[in-house]
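One structure below.
The values are calculated or read from the model by the stated rules, or taken from the named source; none is laboratory data. From a predicted model like this one, the values you see are computed outputs, not experimental measurements. Every residue, glycine among them, receives a Cβ derived from its backbone with ideal geometry; neighbour counts consider all protein chains shown. Quick note on the areas: whole protein, heavy atoms, side chains included, nothing else; ligands and nucleic acids left out. Shrake-Rupley method; radii C 1.70, N 1.55, O 1.52, S 1.80 Å.
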Amino acid sequence: MQARSEHTRQALVRATAELIADGRVSDAGLVNICRRAGVSRGALYHHFPSTSALTAAVYDQARLRVQALTEEAFAGPAQDAPERFLLALGEALRTEPVVRAGMQLAADGSPGPPRLRDDVLTLLRQRVRDTQKEGARPAGDLADLAMVVAAGIESLGRSTSGWWDGETSHRLWELIGPLFAQDAQACPGRGGGRAAPC
């Protein structure tokens, strides 16, 4: 019985995520969710007190998944971490409806702000800043660049999913990766201004 209950709960979360991922948050209404999940309204209310609580569960699953992607990406060499993160995020956005949907949601299940997307970009910026060597570039330059690229990939992929393809991230990284490599080597003696790269 408990396995069946968990299966129903996950079917509701999955259905809600699919509706939001392939449309808008407003598409995840009671009737649409129940129809997509193949359950009754009573089953939905047995597992969740409201559709807002259900969309909050989608957010929670997406947040946990994106946190795991971030930890995996930043576990290796620092200069390649943003590339690993962009590739992993693009793949998750392309293949995982819960991540696509969760990026559009706030913690309370509403369309936000702040949304998970905002939190992810802030986290990425902080992680890149933390890996920058002291004296390499003005604080935050590469972190801002990584954040802008991630935001662009996430946003553009909603209209053309090719932006979430690994090849796109690789092409972009070929352009910006050298900036991170230079930063990893640090530029000794450079002033605090916005001088040209080493």
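Against the longest alpha carbon principal axis of the chain, how many degrees, from 0 to 90 and to the nearest 10, is the axis of helix 2-21 turned?
60
Over the chain, with every protein chain in place, what whole percent of the accessible area is carbon and sulfur at 1.4 Å, could you tell me?
So the carbon and sulfur contribution to the accessible surface is 53 percent.
About the Cα centre of the chain, how large is the charge dipole given +1 on each Lys and Arg Cβ and -1 on each Asp and Glu Cβ? Please answer in debye to the nearest 20.
480
Return the ratio Rg/(2.2 N^0.38 Å) for segment 84-179, where Rg is computed over Cα atoms only.
Working: Rg = 13.9 Å, N = 96, 2.2 N^0.38 = 12.5 Å.
My calculation over the Cα atoms of segment 84-179 gives 1.11.
Select from S110, S40, L172 the residue farthest towards the positive end of the dipole of the chain; place +1 on Cβ of Lys and Arg, -1 on Cβ of Asp and Glu, and compute about the Cα centre.
The Cα lying farthest towards the positive end belongs to S40.
From a point 7 Å beyond the Cα of E91 in the direction of its Cβ, which residues of segment 137-179 have a backbone N at a distance under 13 Å?
Counting only backbone N, you get 165-167, 169-170.
Starting from the alpha-carbon convex hull of segment 1-92, give the projected area averaged over all orientations, in nm².
Reported value for the Cα convex hull: 6.9 nm².
Be a star and scan segment 78-118 for residues whose amide nitrogen sits under 13 Å from the point 7 Å along the Cα-to-Cβ vector of S52.
Counting only backbone N, you get 106-112.
Assigning unit charges at the beta carbon (Lys, Arg +1; Asp, Glu -1) and nothing else, what dipole magnitude in debye, to the nearest 20, does segment 1-98 show about its Cα centre?
That gives a dipole near 560 debye.
By the gyration tensor of its Cα atoms, with a ≥ b ≥ c the square roots of the eigenvalues, what is the shape of the chain: rounded for a/c under 1.5, prolate for a/b over b/c, or oblate?
It is prolate, given that a/c is not under 1.5 and a/b is the larger ratio.
In deg cm²/dmol, rounded to 500, what helix-only [θ] at 222 nm does the chain give when every DSSP H run of at least 4 residues adds -39500 (n - 2.57) and the total is split over its residues?
Value at 222 nm, helices only, nearest 500: -21500 deg cm²/dmol.
When ligands, DNA and RNA are left out and all protein chains stay put, how many square angstrom of accessible area per residue does the chain have with a 1.4 Å probe?
Details: 10060 Å² over 198 residues.
Heavy-atom accessible area per residue stands at 51 Å².
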